Amino acid sequence: MRMIASVSTGQIDLGLLLLRVAVGATMAVHGWNHIFGGGKIAGTAGWFESLGMRPGKLHAWLASITEVAAGVALVAGFLTPLSAGALIGVSVVAWITNHRTAGFFVFRRPTEGWEYLMNLTAAFVAVACLGAGEWSLDHAIGFEPGGWWGFGLAAVIGLGGAASLLVVFWRPARPTA
């Protein structure tokens, strides 16, 4: 990794580790909460059904397991562009199915705005572009496709996966006149 001005590679690796841990852990516990918190999978499935994601139970499990597994992988810096891409996909689906019409601010009701998802998605893209850094499993195994390759992998997985899922499974209720 090249040095940027007076920033050392150790500082860059620390910054990447902090970013990976913050956003990866956030998504892992978010998925965990879908499975074990509040209404558990049944409640998450009902909510997904109300958003038009059918069948709701399948999508509740897919989203929750993706959030947990990819979140943990991102924390560890393991297969980082793929992990980031999976989390981009989950975020884009949430953005489109639940948050897009609520406006920018997260405190809007009855659903939340998209400011939070925008920042998480930007962080996932940034990590995919930069790579996991030297303090990661990717570095330990020699898998470090950052830059345009990392961005490309994450974009194809995230945007391609989200688009495919929405085209095949999203059936929102039609607005009543």
**Message:** To the nearest 20 Debye, how big is the dipole of segment 1-118 about its Cα centre, given +1 on the beta carbon of each Lys and Arg and -1 on that of each Asp and Glu?
**Reply:** 160 debye
**Asked** Near the amide H of Trp170, under 5 Å away, which other amide H atoms are found, from residues 5 or more places off or on another chain, if H is placed in the peptide plane?
**Response** none
**Item:** Debye intensity ratio I(q)/I(0), log10, segment 128-177, q values 0.23 Å⁻¹ (C-alpha model)
**Value:** -0.82
**Asked** Long-range amide H contacts for Gly131: which residues qualify at under 5 Å (H placed 1.01 Å from N, peptide plane, sequence gap of 5 or more or a different chain)?
**Response** Gly147
**Prompt:** Given H placed 1.01 Å from N in the peptide plane, which residues other than close sequence neighbours of Leu79 have an amide H under 5 Å from its amide H?
**Reply:** Asp138
**Message:** Residue by residue through segment 127-134, what is 3J(HN,Hα) from phi via Karplus (6.51 cos²θ - 1.76 cosθ + 1.60, θ = phi - 60°)? Round to whole Hz and write x for glycine and proline.
**Reply:** 5, 4, 5, 7, x, 7, x, 6
**Asked** In whole Hz, what ³J(HN,Hα) sequence does segment 168-177 give by Karplus (6.51, -1.76, 1.60; θ = phi - 60°), x for Gly and Pro?
**Response** 7, 10, 7, 10, x, 5, 6, x, 8, 7
**Neighbour net charge for Gly150 - beta-carbon separation under 12 angstrom, K R +1, D E -1** = -2
**Message:** Tell me the Rg and the Dmax, in Å, that the Cα atoms of the chain produce.
**Reply:** 17.1, 61
**Message:** P(r) for segment 1-98, please, calculated from all Cα pair distances in 5 Å bins and given in %.
**Reply:** 3, 14, 20, 20, 15, 11, 7, 4, 3, 3, 0
**Size descriptor, Kirkwood hydrodynamic radius, that averages inverse alpha-carbon separations across segment 1-52, Å** = 13.7 Å
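Read-outs: derived from the displayed coordinates by stated rules, not from any lab. Source: prediction; values computed, not measured. Virtual Cβ from ideal backbone geometry, glycine too; neighbours counted across all protein chains shown.
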